[in-house]
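The values are calculated or read from the model by the stated rules, or taken from the named source; none is laboratory data. What you are looking at is a predicted structure, and each value in this text was computed from that prediction instead of being measured. All Cβ positions, glycine included, derive from the backbone under ideal geometry; neighbour counts span all protein chains shown. Side chains included, ligands, DNA and RNA excluded: accessible areas come from the protein's heavy atoms. Shrake-Rupley method; radii C 1.70, N 1.55, O 1.52, S 1.80 Å.
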Amino acid sequence: MKESKSGIILLWMLFVPTTPAYAMHISEGILPFKWAALWFVVAAPFVAYGLYRLKKLSTVDLSFKPLVGLMAAVVFIISCMPIPVPTAGTCSHPCGTGISGILLGPGISILITAAALLIQALFLAHGGLSTWGADIVSMGVVGSFAGYLTFRALRSMKINMAIAGFMAGLLADWATYFATSVELASGIRGDSPFMPLFWKLLIAFIPTQLPLGILEGAMTAGMVVLLYKKRPDLLVKMRVLKPEEAL
């Protein structure tokens, strides 16, 4: 499993350009120090919670860590597809946190996202180390919880797996960029009003993120439905399904 993950990451590093016109996620140096520090403080307890959940669940089930490793590779690759948004100082891209939030829970999903973002910042020049905390909050915390809570809420209302998965992936993606717009507007507005800049940033994402969100919703629905049909036992194991719901 470790060799497989390393191979995937190595191939991606070899064939994806590492000098894009605009850095992935929030660019290095975009946020003033006080705002960058604030988002680190906000992100820290969520990452700590993810570590706690990983330790707890892997102690109960030794096969849990390989699942986490596989999902980490999925999130890493999905979130490495940049579409520059020059007016926002960042990039649009799919996130993958909808599916990781559904399958592993938001705590583990946040931890996975933090690891993926760190590797991308260190080796691919995607995002920055100073903005790592902000990127964890928007993509990891907001994206993971949006996907997880959407899926759980719709399933509790007896909505079928495909629609619940689609909406979870869609809203996880869109919520990430809503949060990114909040972070950018808060950090770079200076003495200007917050709301006008926030709306400008949010609107700047729409041309790319509207279709990408729909694509990510379809991708999330497809992965959940595939597991439901082929490996319902895994969904039961990960508490996505109740035993009586498995085929």
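Assorted remarks:
- Pairs meeting the criteria (first residue in the range 230-241 and modelled with pLDDT under 85 and open to solvent by 30 Å² or more (accessible area, probe 1.4 Å), second residue of a type in the set (Asp, Glu) and in a helix (DSSP H, G or I), beta carbons under 9 Å, at least 6 apart or on different chains) are Val236/Glu245.
- Listed conditions (1) within 21 Å of the chain's Cα centre (by Cα); (2) open to solvent by 60 Å² or more (accessible area, probe 1.4 Å) are all met by Asp173, apart from (2).
- Considering residues of the range 25-59 that are modelled with pLDDT of 85 or more and β-branched (Val, Ile, Thr) only, the residue farthest from Ile136 (Cα to Cα): Thr59
- Scanning the range 182-213 for residues that are touching a helix residue (DSSP H, G or I) at 6+ places or on another chain (Cβ under 7 Å), of a type outside the set (A, V, I, L, M, F, W, C) and either buried (at least 21 other Cβ atoms within 10 Å of the Cβ) or within 16 Å of Ser138 (Cβ to Cβ) (or both) yields Glu183, Ser186, Gly187, Gln209, Gly213.
- Test: residue in the range 118-128 that is at negative phi, within 15 Å of the chain's Cα centre (by Cα), touching a residue at least 40 places away in the same chain (Cβ under 8 Å) and open to solvent by less than 10 Å² (accessible area, probe 1.4 Å): yes
- Taken together, the residues in the range 210-235 that are among the small types (Gly, Ala, Ser) and part of a loop (DSSP other than H, G, I, E, B) amount to 0.
- Residue pairs whose Cβ atoms lie under 8 Å apart, separated by 6 or more positions or on different chains, with the first residue in the range 37-53 and under 19 Å from Gly128 (Cα atoms) and the second crowded, with 18+ Cβ neighbours inside 10 Å and acidic (Asp, Glu), are Trp39/Glu183.
- Filter result for Pro207 (modelled with pLDDT under 90 and part of a helix (DSSP H, G or I)): yes
- Test for Ala179: is it touching a strand residue (DSSP E or B) at 6+ places or on another chain (Cβ under 7 Å) and surrounded by fewer than 22 Cβ atoms within 10 Å (Cβ to Cβ): no
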